[in-house]
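The values are calculated or read from the model by the stated rules, or taken from the named source; none is laboratory data. As the structure is a prediction and not an experimental result, all values here were calculated from the model. Glycine also receives a Cβ, built like all others from the backbone with ideal geometry; neighbour counts cover every protein chain displayed.
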């Protein structure tokens, strides 16, 4: 997932918003066993503490949850550029500034000439093909309504957990394949072209050096809701207890995000929240203890060179760290962080979410962690 922060380098201090060798057991599972384990993992992986079970139908937000279709609005602008500019600025405010000046970079948000550039962008043959593809895939009205409901319920649970935190608006856009998720405090802009489906012809035309196949495989509409909330949370909580100085800091921060995401979207499967396949999740669970053996040495888990420890956190075809084999899924450090935080919260049920994110000491988390064997 590409969000406004650089997901592969994870979180810099400025937050520019984004897993059998040496004892690691690579398990050979026959198809029958794999099918059973996959069913078991998918069915039971989201079970959790009743404390965090929220009925969203009983939660009232401070303001009406908003999903706005920016694509529809720009396709129906007034023919007069000055009038169109006033309309779009009044309705979209800071998002229009971000969209015109950062996302697709067509000009100053206050200049009527930028509306002319917007029309050129929309009428370009490549853009036109993408807009039309969105209309028949991820941008279908019925589909956006269903995703909007998932997001609304997710943020209702979030509001129940943390009633003093803001709930962002949702904006559907075409980012020209620049940003899948563009999160701000007050809104989440979702690039619908990133979720048209991995086998869509337009996705197949993307340059493979910029959009490798493992990334294309994640351009699935089912990932839209979880990617949106995940991207927003990564930015929103980045100033609370996160230092980003060592590998363990990023692993625990990602773990906290994934733990909270799971509680906000309890009906989503664990592999979906991770942007994995079911088989990827089976592999991670089957090898959790061996992964921990690779990760726990002090020169690994306390590594301060981001280029080195990002191997545990970066998107890729697999986790390129230590003796982790190529059969592995990527971002195993993210998943391990989730398991560590899950154990910590299970052992400390009195801890609030505010306290969870404020806790910067790694010791309580590692003391609670018991890898599955």
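For the list (1) loosely packed, with under 13 Cβ neighbours inside 10 Å; (2) under 23 Å from the mean Cα position of the chain (by Cα), I need the number of the one condition that residue 96 fails.
The one condition residue 96 does not meet is (1).
With respect to residue 45, determine if the residue is at pLDDT below 95 and either farther than 30 Å from residue 140 by Cα or assigned by TED's automatic domain parsing to the domain that holds residue 152 (or both).
Yes.
Do we have any residue at all in the range 186-208 that's modelled with pLDDT of 95 or more, assigned to a loop (DSSP other than H, G, I, E, B), under 30 Å from residue 54 (Cβ atoms) and in contact with a helix residue (DSSP H, G or I) (Cβ under 9 Å, 6 or more places away or on another chain)?
yes
Show me the helices (runs of 4 or more DSSP H) entirely contained within the range 254-297 in which 2 or more residues are more than 27 Å from residue 198 (Cα to Cα) and in contact with a helix residue (DSSP H, G or I) (Cβ under 9 Å, 6 or more places away or on another chain).
Output list reads 288-295.
Among the residues in the range 343-350, are any in contact with a helix residue (DSSP H, G or I) (Cβ under 7 Å, 6 or more places away or on another chain), part of a loop (DSSP other than H, G, I, E, B) and closer than 28 Å to residue 152 by Cα?
Looking for residues that are in contact with a helix residue (DSSP H, G or I) (Cβ under 7 Å, 6 or more places away or on another chain), part of a loop (DSSP other than H, G, I, E, B) and closer than 28 Å to residue 152 by Cα, one finds at least one in the range 343-350, hence yes.
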